[in-house]
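K.L.:
I have a structure I would like to understand better, so I am pasting it below and will then ask my questions one at a time.
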Amino acid sequence: MKIGGIELKNNLILAPMAGVADLPFRMVCHSFGAGLSYTEMVSAKALGFENEKTFRLMSTEGLPTAVQLFGSEPEAVAAAVPMAEKAGLFIDINMGCPAPKITGNGEGSALMKDLGRARAVIEAAVGAASKPVTVKMRAGWDAEHINAPLLARLAEEAGAAAVTVHGRTREQFYSGSSDRSVIRRVREEVSVPLIANGDVFSPEDAVSLMEQTGADGVMIGRGSQGRPWIFAMITEYMARGGYTEPSPEEKIAVASRHIALIVEHKGEYIGAREARKHAAWYIRGLRGAAALRAEINSAETLEKMTEIMKKAIDG
């Protein structure tokens, strides 16, 4: 799969999930074959203020990663692009985040209500960039305003090198189901690469999503939480029509490695606490998982987390 002049090793992409897709998680997903990942959302304004925490969000350690910017002011986005380009393969503009604290400022999916401003933001980013610029969007703001096909066409006209479409509206957040027909309509409007996003929880989901929408690639979000091996499973399924689910022991080994990476990159105090949600996701479906969640939510050290993971195996 190619975006602009950038050749990716495959078309399996990790979604830019705020509070989830940090560097340690991206490292683990790439180890299972993700061809591309995105940073968590980076504020264009914060980059302009040279905020140190924001710079840390853009750390990639050489992994094939795009930097995802959010902002509604063309000038601020244009000013942020040169800084973001130093970290990533290319720049992605977020027009899909449904969080009230983002949309309340006219950013994220709120830009789908103001296509003139949305186009101005894309044009500003493209004008300031030396690398490709892409756009991620939702189906629309709500069921009465499904305008992803129009925004995607405007994005291509403004110079975007690819578009990603999540088939839910902003009003849905993550409820209901992703509407593949909207993504298919986007395919009919644009000639740039199209990445389909929404409700990919298995290899079968990934393949059927691309087949039904005509998308060039598939983006996996919640389906990778506690299951980073989904990328390897999809690759195997596309190659031979079947796939192998990791054993409980293999799953816990991955979980332990992931938790150790979080602590290594963020320190034990912050890392152990941030690892709690990941640990809870990893043990889903394992025997005794419900009883272990309370222990996970009070764990404060890597040693304690490792001990809990061992209990998940011992049952």
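Rule-based calculations on the coordinates, nothing more; no lab input. Please read these numbers as outputs of a predicted model, since none were measured by experiment. Backbone-built Cβ (ideal geometry, glycine too); neighbour counts: all protein chains shown.
K.L.:
Just to verify a result, which residue in the stretch 204-233, among those that are within 13 Å of A15 (Cα to Cα) and part of a loop (DSSP other than H, G, I, E, B), is farthest from the chain's Cα centre (by Cα)?
P.N.:
Restricting to residues being within 13 Å of A15 (Cα to Cα) and part of a loop (DSSP other than H, G, I, E, B), the top hit is P228.
K.L.:
Output the number of residues of the stretch 279-305 satisfying the condition of being touching a residue at least 24 places away in the same chain (Cβ under 8 Å), out of contact with any helix residue (DSSP H, G or I) (no Cβ under 6 Å at 6 or more places or on another chain) and assigned to a helix (DSSP H, G or I). Steps first, answer last, please.
P.N.:
Of all residues in the stretch 279-305, those touching a residue at least 24 places away in the same chain (Cβ under 8 Å) come to 279-284, 286-288, 299-302, 304-305.
Remaining after also requiring out of contact with any helix residue (DSSP H, G or I) (no Cβ under 6 Å at 6 or more places or on another chain): 281, 284, 287-288, 304.
This time we only want the ones that are assigned to a helix (DSSP H, G or I), so: 281, 304.
Selection size over the stretch 279-305: 2.
K.L.:
What is the number of the single condition among (1) touching a residue at least 12 places away in the same chain (Cβ under 8 Å); (2) under 20 Å from the mean Cα position of the chain (by Cα) that M238 does not meet?
P.N.:
In the conditions (1) touching a residue at least 12 places away in the same chain (Cβ under 8 Å); (2) under 20 Å from the mean Cα position of the chain (by Cα), M238 misses (2) alone.
K.L.:
Is it the case that the stretch 33-43 has a residue that's in contact with a His (Cβ under 8 Å, 6 or more places away or on another chain), buried (at least 20 other Cβ atoms within 10 Å of the Cβ) and part of a strand (DSSP E or B)?
P.N.:
Yes, the stretch 33-43 contains a residue that is in contact with a His (Cβ under 8 Å, 6 or more places away or on another chain), buried (at least 20 other Cβ atoms within 10 Å of the Cβ) and part of a strand (DSSP E or B).
K.L.:
What are the residues in the stretch 107-148 that are under 21 Å from the mean Cα position of the chain (by Cα) and not hydrophobic (A, V, I, L, M, F, W, C), if any?
P.N.:
Residues satisfying the conditions are E107, G108, S109, K131, P132, T134, K136, R138, G140.
K.L.:
Taking the stretch 44-85, which residues are over 24 Å from T103 (Cβ atoms) and part of a strand (DSSP E or B)?
P.N.:
Across the stretch 44-85, the qualifying residue is only T65.
K.L.:
Return the only residue of A206, A232 being buried (at least 22 other Cβ atoms within 10 Å of the Cβ) and small (G, A, S). Quick ask: steps written out before the conclusion?
P.N.:
Values: A232 fails: buried (at least 22 other Cβ atoms within 10 Å of the Cβ).
Among A206, A232, only A206 is buried (at least 22 other Cβ atoms within 10 Å of the Cβ) and small (G, A, S).
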